[in-house]
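Here is the structure we will look at, set down as structure tokens.
Readers should treat all values here as calculations from the given coordinates under stated rules, not as data from a laboratory. The shown structure was predicted, so the numbers you read here are calculated from the model rather than taken from an experiment. Cβ sites come from the backbone with ideal geometry, for glycine too, and all protein chains shown count toward neighbours.
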Amino acid sequence: MSLFLDQKYLMLMSNRLPLFKKKNDHTYNCRCVLCGDSQKNRRKARGYFFAYKTDLRYKCYNCDISLSFANFLKAQDSNLYSEYALEKYSEGHNVPKLANVVPEFKFDEPKFKSSDEKLIDKLLDRVDTLPETHEVVLFCKNRDIPKSKFKQLYYIDNIKDIVQLNGKYKDSIKGEEPRLVLPFYDNNGQLSGVTCRALRGETLRYITVKVKDSVPLIFGLDSVDQNKPIYVVEGPIDSLFLDNAIAVGGTSFGKLDQTGLEKSKLVVVFDNQPRNKEVCKLIDKNIEQGYNVVLWPQTVAEKDINEMVMAGHNVKKLIKENTYNGLTAKMKFIGWKRC
Ligand SMILES: [Zn+2]
């Protein structure tokens, strides 16, 4: 009941909250009016109202303030707060004590670390900084993506804004939907591109934007340990389920030649498509070239690593037990392919 009342009063004052919108049931978002939110990006809105126990709570991911809706309202509009308190009181709820509840608001300067801060952090929200009930967080959780990887992922509210990374895409990006953003970095940790995954079933599942034309887009390249086995998969999301993994984004494993990574350290993990002629040709070629390759056992029906994880397979173990090279790989491959 209190949640209902909180939401009613939030609606009454919502026209005063910039970029206010409902995100989903009991979650609302706006630019933070307490700290002023990002000074560099006017589209950033990092204030969230969300259900906490039986009340609505406010949290800003820019200034880190966290307070009950009652206190938020009191700080913003004392007249409306009086009405709210009266209504809440008549309902029999505890009225928050009026005295000494006004929080001390900190009007800190926005926390940008000047030029060395990643461009992408200025433009987008990192998934690990968003509330548990946020659409993109729910998407990642539903796909069993490990929480420890959320800090590598970003969220964009409107895909059109991605052209700020490279104006060349201005006319080719038509939609305005929100997406999950997976950033690619080069060996020096510089952003080389992003791929944006659909969250709401759009036909165009991935939209890729290059920031640098000269470097091959390989996901995870910046954080790979070259002294350990490096797993090379097709999809960036799939790579999140493995340790020390990179993704070529598709089947263009030829890019690996440009990375300077030592061939003997690489384990090439194609999707599980023994009936796909093109894929079989590529695996054959990789074996010829001396790569370690993974041939999924017939007990696995799923097509990619994410599906396998969601079906309950121990993917790391499967990979360890089904990696082959040279002559063994050739023989295993003949028995494996179905085309
Ligand atoms: Zn704030």
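Which members of region 119-154 meet the condition of being closer than 18 Å to Asn24 by Cα, of a type in the set (D, E, K, R) and assigned to a loop (DSSP other than H, G, I, E, B)?
Of region 119-154, the ones closer than 18 Å to Asn24 by Cα are 125, 127, 129-142.
Checking the rest, the ones that are also of a type in the set (D, E, K, R) come to 125, 132, 135, 141.
Answer for region 119-154, where residues must be closer than 18 Å to Asn24 by Cα, of a type in the set (D, E, K, R) and assigned to a loop (DSSP other than H, G, I, E, B): just Glu132.
With the requirement that a residue be over 21 Å from Ile159 (Cβ atoms) and either of a type in the set (Ser, Thr, Tyr) or free of Cβ contacts under 8 Å to residues at least 24 places away in the same chain (or both), what does region 31-50 give you?
Tyr48
Taking only region 249-285 into account, find how many residues are touching a residue at least 40 places away in the same chain (Cβ under 8 Å) and either in contact with a Ser or Thr (Cβ under 7 Å, 6 or more places away or on another chain) or in a helix (DSSP H, G or I) (or both). I'd like the intermediate steps shown before the answer.
The first filter runs over region 249-285 and keeps only residues touching a residue at least 40 places away in the same chain (Cβ under 8 Å), leaving 249, 258-259, 267, 269, 274-277, 280, 283-284.
Going one step further and asking which of them are either in contact with a Ser or Thr (Cβ under 7 Å, 6 or more places away or on another chain) or in a helix (DSSP H, G or I) (or both), we end up with 249, 258-259, 267, 277, 280, 283-284.
Going through region 249-285 one residue at a time, the tally reaches 8.
Just to check your reading of the model, which residue among Tyr48, Tyr28, Tyr9 is assigned to a strand (DSSP E or B) and either among the hydrophobic types (A, V, I, L, M, F, W, C) or more than 13 Å from the ligand (Cβ to nearest atom) (or both)? Don't jump to the end; show me each part of the working.
Numbers: Tyr48 fails: either among the hydrophobic types (A, V, I, L, M, F, W, C) or more than 13 Å from the ligand (Cβ to nearest atom) (or both); Tyr9 fails: assigned to a strand (DSSP E or B).
Exactly one residue qualifies, and that residue is Tyr28.
Filter region 51-70 for residues that are within 14 Å of the ligand (Cβ to nearest atom), in a loop (DSSP other than H, G, I, E, B) and in contact (Cβ under 8 Å) with a residue 12 or more places away in the chain and give the result.
Tyr61, Asn62, Cys63, Ile65
Just to be sure I understand the filter: pairs with C-beta atoms under 6 Å, separated by 6 or more residues or on different chains, first member in region 167-186 and without any contact (Cβ under 8 Å) to a residue 24 or more places away in the chain, second member of a type outside the set (Phe, Trp, Tyr). Which pairs pass?
Close Cβ pairs satisfying both conditions: Lys170/Val163; Glu176/Asn158; Glu176/Lys160.
Would you mention how many residues in region 298-315 are over 19 Å from the mean Cα position of the chain (by Cα) and part of a helix (DSSP H, G or I)?
2
Name the pairs whose Cβ atoms lie under 7 Å apart, with the first residue in region 227-242 and part of a loop (DSSP other than H, G, I, E, B), the second buried (at least 24 other Cβ atoms within 10 Å of the Cβ) and hydroxyl-bearing (Ser, Thr, Tyr), and 6 or more positions between them or separate chains?
Leu242/Tyr231
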